[in-house]
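Q: Take this structure first; my questions come after.
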Amino acid sequence: MEANVIKELEDLKSMVLRWKRSYLGWVPDDGEGEYLLEEFSEEISRHISPFANRLFQNDHLTWSETQEFLNYCYSQVEEVREAVEQANSKQREKASEHKLVEFSSYKWRK
């Protein structure tokens, strides 16, 4: 792989990582962040994937290099998914604790 192609891919990876940091900062505490996953994935599909495919079409990348690069990019979406799921499970824990307290208070009043 040529040095300029490597630099282009590294720049694109940096861009995806900056996007990921932004999306991680937008994960709501209530666990309702599924839309973030769709938006992040769409950004990669719209901006990164066509560029990688052009590099492949112009023989700057092999098919496996292209797939490896895109897999890396989409794996960043999975990290955001994990953060959303973690926020969602924390929200469920809070909700179940709240119900337990309500039930305890109700029984105490009887």
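Q: What is the distance, in nm, between label points placed 7 Å from the Cα along the Cα-to-Cβ direction at Glu78 and at Thr62?
A: Here the answer is 2.2 nm between the modelled labels.
Q: If I model a spin label as a point 7 Å beyond the Cα along the Cα-Cβ vector, how far apart are those points for Gln86 and Lys13 in nm?
A: 2.2 nm
Q: If you don't mind, another one. Would you mind ranking Ile44, Ile6 by Cβ crowding within 10 Å, fewest neighbours first? Could the numbers behind the result be given before it?
A: Details: Ile44 20, Ile6 11.
In increasing order of surrounding Cβ atoms, one gets Ile6, Ile44.
Q: FRET efficiency for Asn4 and Asn71, Cβ-Cβ distance as r, R0 = 22 Å, nearest 0.05?
A: With R0 = 22 Å, the Cβ-Cβ based efficiency is 0.50.
Laboratory data are not the source of any read-out in this text; all were calculated from the coordinates shown. Predicted model only: the values in this text are computed from it and were never measured. When we count neighbours, we look across all protein chains shown, and the Cβ atoms used for this are built from the backbone with ideal geometry, even at glycine.
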